[in-house]
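Colleague: Below: one structure in structure tokens.
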Amino acid sequence: MRAAMITEYRQPLDIVNISDPELPKNGIIMKVRATGICRSDWHTWMGHYRDQIKLPLIPGHEMAGDVVEVGRDVTGLQPGDRVTVPFGLACGRCSICLDGNHQSCSEQIQPSTNFNGSFAELIALPRANVNVVRLPDEVGYAEAASLGCRFITAFRGVVEQAAVRPGDWLAVHGCGGVGLSAVMIAASMGVNVIAVDIDDETLGMASQIGAVAKVNALRSPSVPEEIIDMTMAVHMPR
Ligand SMILES: [Zn+2]
Ligand SMILES: [Zn+2]
């Protein structure tokens, strides 16, 4: 298969032909139809995780695609299924997993850190019974590839940690992948979202997906004061 590989830190990726990945007994082989590029891929490429990874390595941990092969211990999946996975593959057996917090599993393994990732035609995904999720027909590959890292990170922050409620105000500082996901999730909950970024194009996207106000931090004399002014103006009659 063809893949984009990091062979040396901070150098262009090599496009290589390597042997297809081996089918894990408890996993699948997925044909990659879409992959995200994450800030973590940049950290990997810069060498910031060099004590955890070994080069050469195929990066990429935000993906969606089609099942092509199914290991003998896997149930409920078959070739042709459209699927995605979270960026950390949980064990499904530890006390943290049994509590429903797979994202914090202490035994989790990650594509692009512990094994080759999704910048490739094919990827082997172990622990499929616990982690591989079938996609509804109406969810496209590109949209699905964005769910397993940036979107779930934002979802936990906005919904579970911040526990926002309809009518609340929420300022999202930095509207990259995680930030725009946070805007979308909060807006869909009826929260008034103020998007903060240094890029007008990004702020435009935040408005399109539901932010009610935006602040360009490069032009604002004081971001906190501007946010306080906006939210007070709504709450307090003049
Ligand atoms: Zn990511
Ligand atoms: Zn676990």
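Colleague: So D137 passes all but one of these: (1) under 30 Å from V191 (Cα atoms); (2) touching a helix residue (DSSP H, G or I) at 6+ places or on another chain (Cβ under 9 Å); (3) of a type in the set (D, E). Which condition number does it fail?
Modeller: Here D137 meets the rest and fails (2).
Colleague: Does R127 count as over 13 Å from the mean Cα position of the chain (by Cα) and within 16 Å of ligand 2 (Cβ to nearest atom)?
Modeller: Yes; evaluated as a whole, the condition is true for this residue.
Colleague: So which residues in the range 86-124 are more than 22 Å from R39 (Cβ to Cβ), hydrophobic (A, V, I, L, M, F, W, C) and either in a strand (DSSP E or B) or open to solvent by less than 40 Å² (accessible area, probe 1.4 Å) (or both)?
Modeller: C91, C94, C97, L122, A124
Colleague: Would you please name the residue that is farthest from A128 (Cα to Cα), looking only at residues in the range 49-71 that are acidic (D, E) and either surrounded by 14 or more Cβ atoms within 10 Å (Cβ to Cβ) or outside the structural domain of R39 (by TED's automatic domain parsing) (or both)?
Modeller: E62
Colleague: Please state which one of V74, V67 is away from ligand 2 (no atom under 16 Å from the Cβ), hydrophobic (A, V, I, L, M, F, W, C) and part of a strand (DSSP E or B).
Modeller: Sole residue among the options that is away from ligand 2 (no atom under 16 Å from the Cβ), hydrophobic (A, V, I, L, M, F, W, C) and part of a strand (DSSP E or B): V67.
Colleague: Further question on the same structure: I need every pair where a residue in the range 72-97 that is under 9 Å from N131 (Cα atoms) has its Cβ under 6 Å from the Cβ of a residue that is near ligand 2 (Cβ under 6 Å from one of its atoms), sequence separation at least 6 or different chains.
Modeller: A90/C97; A90/C105; C91/C97; C91/C105; C91/E107
The values are calculated or read from the model by the stated rules, or taken from the named source; none is laboratory data. What you are looking at is a predicted structure, and each value in this text was computed from that prediction instead of being measured. For neighbour counting, all protein chains shown are included, and Cβ atoms are generated from backbone atoms with ideal geometry for every residue, glycine included. The protein model used for the area step is the full one, side chains on, heavy atoms only, and it has no ligands, DNA or RNA in it. Shrake-Rupley method; radii C 1.70, N 1.55, O 1.52, S 1.80 Å.
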